[in-house]
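> Supplied in C-alpha cells, the structure appears directly below.
The values are calculated or read from the model by the stated rules, or taken from the named source; none is laboratory data. Predicted model only: the values in this text are computed from it and were never measured. As a convention, Cβ positions derive from the backbone with ideal geometry for all residues, glycine included, and neighbour counts pool all protein chains shown.
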Amino acid sequence: MSIQLRYTLRFHRDMKRLNDEVCKRVKKSLQQFIENQKHPGLNFERIVGTEFSSIRAGKNYRIILEEETPTSYIVLRVAPHDIYRTL
C-alpha cells in the first residue's frame, strides 16, 4: 500500500528553521513512513484527545500528521517533542 503525503505551508516553514541534521532525520522518517507505516523506529501513534497522529524524527522531534484517507496524510508540523502541548 503506497502512502501519499501533502505538506502544509506551516510544515515548510518549520523545516526552514531546523538545522541540516534534523532536516535529514525528518526526510528519512517521512520516507520510512511512506514505505512502511509500522516501522518500529517511527512510533506512529494517535495523539490522545485529537484527530492527529505523530511519528518520530529522531529522539527530540515529532512530525504531526492528519489522516485524509487510510493511504493519504497531510503533514502539518515538525517541531520538538513538546509540540503536543499546542494541539
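> Residues of the range 58-72 being surrounded by 13 or more Cβ atoms within 10 Å (Cβ to Cβ) and modelled with pLDDT under 95, which ones?
Within the range 58-72, Gly58 is the sole residue that qualifies.
> When residues of the range 8-33 are filtered for being closer than 15 Å to Ser72 by Cα and surrounded by 13 or more Cβ atoms within 10 Å (Cβ to Cβ), how many remain?
4
> So Gly58 passes all but one of these: (1) touching a strand residue (DSSP E or B) at 6+ places or on another chain (Cβ under 7 Å); (2) under 16 Å from Asp82 (Cα atoms). Which condition number does it fail?
Every listed condition holds for Gly58 apart from (1).
> Are there any pairs, at least 6 apart or on different chains, whose C-beta atoms fall under 7 Å, with the first in the range 25-54 and among the basic types (Lys, Arg) and the second surrounded by 11 or more Cβ atoms within 10 Å (Cβ to Cβ) and at pLDDT below 95, and if so, which?
Arg25/Gly58
> Right, Thr86: more than 14 Å from the chain's Cα centre (by Cα), surrounded by fewer than 11 Cβ atoms within 10 Å (Cβ to Cβ), among the polar types (S, T, N, Q) and at pLDDT 95 or above or not? So that I can check it myself, show each step before the final result.
Working: more than 14 Å from the chain's Cα centre (by Cα): yes; surrounded by fewer than 11 Cβ atoms within 10 Å (Cβ to Cβ): yes; among the polar types (S, T, N, Q): yes; at pLDDT 95 or above: no.
No.
> Can you tell which of Thr71, Thr8 is within 13 Å of the chain's Cα centre (by Cα) and among the hydroxyl-bearing types (Ser, Thr, Tyr)? It would help to see each step written out before you state the result.
Values: Thr71 fails: within 13 Å of the chain's Cα centre (by Cα).
Matching residue, one of Thr71, Thr8: Thr8.
> Which one of the conditions (1) of a type outside the set (S, T, N, Q); (2) modelled with pLDDT under 95; (3) farther than 20 Å from Ile83 by Cα does Ile34 fail to meet, given that it meets all the rest?
(2)
> Provide a single number: the residues in the range 40-57 that are surrounded by fewer than 15 Cβ atoms within 10 Å (Cβ to Cβ) and either closer than 18 Å to Asp14 by Cβ or not small (Gly, Ala, Ser) (or both). Walk me through it before giving the result.
Residues of the range 40-57 that are surrounded by fewer than 15 Cβ atoms within 10 Å (Cβ to Cβ), as a first pass: 40-41, 43, 45-46, 48-51.
If we keep only those that are either closer than 18 Å to Asp14 by Cβ or not small (Gly, Ala, Ser) (or both) too, we end up with 40, 43, 45-46, 48, 50-51.
Number satisfying all stated conditions: 7.
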